[in-house]
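So the structure is just underneath, and the comments pick up after that.
The values are calculated or read from the model by the stated rules, or taken from the named source; none is laboratory data. These numbers were taken from a predicted model, which means no experiment stands behind them. Quick reminder, even Gly has a Cβ in these numbers, built from the backbone with ideal geometry, and neighbours come from all protein chains shown.
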Amino acid sequence: MLGLAGGEASPVLVRKRSVGAYAWAQDSRSLAVLAPDEPGDEDGRRDTERDDADVWGERWQRARVLRVEADGGEPSTVWAPDLHVVEVAWSPDGSRLAVLAWPTPELDDMMRATVWLLAADGSGAARRLAELPLASGLGWLGDDRLVCTAPHDLTACSAATAWTVPTDGGEPAVTGPGRDESRCGLRALVPPGQTRPVVLVADGLDTRLEWVGPAGDREPLWHGPPEITADAVDVVVDPGGPVVAAVVARADRLPEVWAGRPNGFRAVSAHHAPLADVRLGGVEDFTFTGIDGQPLDGVVIRPVGARAGPAPAVVLLHGGPYGRSGREPHLHPLDWGQLLATAGFAVLMPNYRGSLGHGNAFAAASRGGMGTVEWDDVLAATDAAVERGIAEPDRLGIGGWSQGGFLAAWAVTQTDRFAAAVMGAGVSDWGMMAATSDLPTVEAVFGGSTPWDGPGPHHAAAGSPVSYAARRTTPLLILHGAEDARVPVSQGRAFHRAAREQAAPVELVTYPREPHGIRERRHQEDLMRRVLEWFQRWL
């Protein structure tokens, strides 16, 4: 703990096993902490003797609810159920805790998340309030309601919104945005002392903060062109009104900390001031129409220093699919927007169906149908960029990471119009994703079937690039983390094995120790260099 006046920090709790989350009581005297049981003698023996056969489910480290006083002392166990607790929120009066729990520590069990209510001192029995798959961000609205974020359909490929849960055991209800609205609620937060949430809303390419009342009534709080980072925003209310603090990115600048009242919200840090003179490509809104007349959006980054007229272009596709390419600078090792724009490429980043910002029907459009409507949207965006003189039709590339990597793999099996492709941690076989990913239930929703649905043919095979690999004529670079649990490296290896049967060039690069996101600096540098050189070589 560190005092507001500074000085030396002092530990409140020291554990051998990691603390998952914590929450302060309103009086700041106590904390609720989520942590598994400490290792015992048997755990030490297993480690020392390397006698550590791993039986599924036998030694799960389920997080318990502990209470510790801010001035130190031994923690007390408040709740130790046969569940894995992932979030905790302290009631305003300090007497109760709301928790979000999964059946097991396995990530896929977020699909069976439940909300519970218990006494903060551990007395009495905990009460199960609701099951809310994929819920997160639990908070209190006064003493009688909870709020969190969860999908409308309580499954994958569904738009996020704010839900309220009555503490008296009533049914959970959507508080907004509604199912039929063409926008999404990315996060709900409750400023201390308030009884209505602030919801971070994505509406097309726009982002704003809104107060949402019990009847769904709304009051604008802040609306910008800058992009607020969803997991890095907070709001407090003082006698002068609300104050917002957030990590904010602008299209032409790297992220900084912003703070202030809504009408005076501004940057208060200058961490990236030394890079202020770096010349970036201009990020512009890009609207177009799908083949069925659906209005669609995205952004385009113009090449730095290019003359007027079409340029060699890369269609760069975001992951998710429930993600969004928006008005940020696109300077990330797995987002190659500025990397390519500063090298002379136009970069087209469409928000295909399945993306966030357009409501539930839009998000669910490709559920169980990978490679269908979202692929049509990618082609429609490409056509629009060519027609408007942004992209040269004979010098087109395509690439992306995760879901973007899947679409790049899909592209090389469906068309020969792209001169080069980069498949970053992409799916090649949806059936095997349901069998091997750390989110098997989610992947089965995406693909539409599992390998154990019978002898086949399986629906997922129809949307799997590996099924059509023999059609490939496009040079392909495959990049993958060797320890990826979300999209196992076997997905990249399988597609590489199939792609070696064609004459067109194919390269596979794997990165040791790396999970789904590439973290190590040398690996990030190598990856970006290879991406740039691949498109320069073929475009």
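What to note about this one:
- Residue tally, condition of a type in the set (Gly, Ala, Ser) and either touching a Phe, Trp or Tyr at 6+ places or on another chain (Cβ under 8 Å) or part of a strand (DSSP E or B) (or both), over segment 189-216: 1
- Top-ranked residue in segment 128-146 [being outside any strand (DSSP E or B) and small (Gly, Ala, Ser); ranked as nearest to residue 161 (Cα to Cα)]: 135
- Of the helices (runs of 4 or more DSSP H) lying entirely inside segment 410-492, those containing at least 2 residues that are under 23 Å from the mean Cα position of the chain (by Cα) and closer than 21 Å to residue 157 by Cβ span 430-436, 440-447.
- Those residues of segment 362-386 which are within 14 Å of residue 463 (Cα to Cα) and among the charged types (D, E, K, R), in sequence order: 367, 374, 376
- The lone exception for residue 102 - which of (1) in contact (Cβ under 8 Å) with a residue 40 or more places away in the chain; (2) at negative phi it fails: (1)
- Meets criteria (farther than 24 Å from residue 439 by Cβ and among the β-branched types (Val, Ile, Thr)) for residue 510: no
- Within segment 179-210, being farther than 27 Å from residue 285 by Cβ and surrounded by fewer than 24 Cβ atoms within 10 Å (Cβ to Cβ) holds for 189, 190, 191, 192, 193, 194, 195, 196.
- Residue check, residue 192 of a type outside the set (A, V, I, L, M, F, W, C) and modelled with pLDDT of 95 or more: no
- Test: residue in segment 316-332 that is of a type in the set (Ser, Thr, Tyr), surrounded by 17 or more Cβ atoms within 10 Å (Cβ to Cβ) and closer than 21 Å to residue 525 by Cα: no
- Residues of segment 325-343 that are more than 14 Å from residue 283 (Cα to Cα) and in contact (Cβ under 8 Å) with a residue 24 or more places away in the chain: 333, 334, 343.
Quick grid of which residues meet (1) surrounded by 19 or more Cβ atoms within 10 Å (Cβ to Cβ); (2) free of Cβ contacts under 8 Å to residues at least 60 places away in the same chain; (3) of a type in the set (Asp, Glu):
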position	(1), (2), (3)
228	yes, yes, no
233	yes, yes, no
265	yes, yes, no
274	no, yes, no
285	no, no, yes
296	yes, no, no
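- Number of positions in segment 1-23 that are surrounded by 12 or more Cβ atoms within 10 Å (Cβ to Cβ), assigned to a loop (DSSP other than H, G, I, E, B) and of a type outside the set (A, V, I, L, M, F, W, C): 3
- Selected residue [touching a helix residue (DSSP H, G or I) at 6+ places or on another chain (Cβ under 9 Å), crowded, with 21+ Cβ neighbours inside 10 Å and on the phi < 0 side of the Ramachandran plot] from 161, 175: 161
- Condition met for residue 371 (of a type outside the set (Lys, Arg), outside any helix (DSSP H, G or I) and in contact (Cβ under 8 Å) with a residue 60 or more places away in the chain): yes
- Single residue of segment 430-463 satisfying the filter (acidic (Asp, Glu) and farther than 13 Å from residue 402 by Cα) that is surrounded by the most Cβ atoms within 10 Å (Cβ to Cβ): 438
- Here is the figure for segment 138-151: residues that are surrounded by 17 or more Cβ atoms within 10 Å (Cβ to Cβ) and over 21 Å from residue 319 (Cβ atoms) total 8.
- Within segment 323-355, the set of residues being in contact with a helix residue (DSSP H, G or I) (Cβ under 6 Å, 6 or more places away or on another chain) and more than 20 Å from residue 254 (Cβ to Cβ) comprises 348, 350, 352, 353, 354.
- Members of segment 147-187 found to be among the small types (Gly, Ala, Ser) and either without any contact (Cβ under 8 Å) to a residue 24 or more places away in the chain or within 22 Å of residue 444 (Cα to Cα) (or both), listed by number: 150, 156, 158, 159, 160, 170, 173
- Within segment 24-40, restricting attention to residues that are of a type outside the set (S, T, N, Q) and outside any loop (DSSP other than H, G, I, E, B), the residue that is farthest from residue 120 (Cα to Cα) is 35.
- Boolean, residue 219 is part of a strand (DSSP E or B) and not polar (S, T, N, Q): yes
- Segment 213-244, residues that are modelled with pLDDT of 90 or more and under 21 Å from the mean Cα position of the chain (by Cα): 232, 233, 234
- Just one of (1) closer than 24 Å to residue 362 by Cα; (2) assigned to a strand (DSSP E or B); (3) out of contact with any helix residue (DSSP H, G or I) (no Cβ under 9 Å at 6 or more places or on another chain) fails for residue 259. It is (1).
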